[in-house]
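What follows is a set of notes on a single structure, which appears directly below.
The values are calculated or read from the model by the stated rules, or taken from the named source; none is laboratory data. The structure displayed is predicted, hence computed values, not measured ones. Neighbour counts run over all protein chains shown; Cβ positions are idealised from the backbone, glycine included. SASA here: full protein model, heavy atoms, side chains in, ligands and nucleic acids out. Shrake-Rupley method; radii C 1.70, N 1.55, O 1.52, S 1.80 Å.
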Amino acid sequence: MQEPGGWNDPDMLVVGLYGKGGSGNDLTDSKGCTDTEYRTHMSLWALMSAPLFITADVRHINKTSLEILTNPEVIEVNQDPLGHFPEMIGSGGQQEIWVKQMEDGSRALVLFNKSGQSARMTIGWDDLGINGNYVVRDLWQRKD
C-alpha cells in the first residue's frame, strides 16, 4: 500500500559503499557503483517515498556520497506528504520516464537511461497532464 502510513521499503540504500561490501555488495558488482548510479539509486528511493536507510559507514563516507544522501531537494521529493506512488509514463529500449504527483501540484519527473550510452529523452507538457508555462528544475544540479 502506497499512502501516508504505508510506504514501500525496497531495503537499504547502498550509496557510498564503492564495492566495500554491505547490502547486495553494491548491487552485486564487486567494483561498486559509480556516483551516477548512486544518484540514480537515491532518485528511485526518493520517487518511491521509501525509507532512507543507508548501508555505508557514515564515519568514512566520502564527500560526493554525503552530498547525494543529503540533497535537500531530493529528500523533499521523498518526504512529500501526499505519498503518491510514481507512474512510468514513457519507455523505449533502455530509457524510462517516471512522474510523481506532489502535494503542492508540482510533478517530480525522473528520466532513466539504463544503457551505457548517452541518449536523448523528451517529454511534453501534455504527457504530464499540464499546460502553460512552468519552471523545470534539476534537483541534482540545484538549478532551474
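Values as computed for the structure displayed
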| item | result |
| --- | --- |
| Whole-Hz ³J(HN,Hα) from phi, Karplus 6.51 cos²θ - 1.76 cosθ + 1.60, for region 95-104, glycine and proline x | 10, 9, 10, 10, 9, 10, 6, 9, 4, 7 |
| The chain - accessible surface per residue (Å², probe 1.4 Å) | 63 Å² |
| Check: the chain dipole with +1 on Lys, Arg Cβ and -1 on Asp, Glu Cβ, in debye | 500 debye |
| Carbon + sulfur, % of accessible area of region 31-98 - ligands and nucleic acids excluded, 1.4 Å | 56 percent |
| Highest-fluctuation residue, Ser91, Ser118, Ser49 considered, GNM on the chain with Cα pairs under 10 Å | Ser118 |
| Per DSSP, loop chymotrypsin sites (Phe, Trp or Tyr not before Pro) in region 41-136 with at most 16 further Cβ within 10 Å | Phe53, Tyr134 |
| Average Cα contact separation per residue, the chain, under 8 Å, 6 or more apart, as relative contact order % | 19 percent |
| Largest to smallest accessible area among His84, His60, His41 [probe 1.4 Å] | His60, His84, His41 |
| Solvent-accessible surface (1.4 angstrom probe) belonging to Leu52, in square angstrom, nearest 10 | 60 Å² |
| Selection of trypsin sites (Lys or Arg not before Pro), region 75-144, meeting DSSP coil and at most 14 other Cβ within 10 Å | Lys114, Arg120, Arg137, Arg142 |
| Positive-end residue, region 35-144 charge dipole about Cα centroid, Cβ charges, pick of Asn71, Asn131, His60 | His60 |
| Nonlocal amide H pairs with Ile54, under 5 Å, H built at 1.01 Å | Leu13 |
| Given charges at Cβ of Lys, Arg, Asp, Glu: the chain dipole, positive-most of Leu109, Leu82, Gly6 | Leu109 |
| Value of [θ]222 nm, deg cm²/dmol, for the chain, DSSP H segments ≥ 4, -39500 (n - 2.57) each, nearest 500 | -5500 deg cm²/dmol |
| Accessible area (Å², 1.4 Å probe, nearest 10) - Glu103 | 120 Å² |
| Max mean-square fluctuation residue, GNM over the chain, Cα-Cα springs under 10 Å, options Ile123, Ile54, Ile68 | Ile123 |
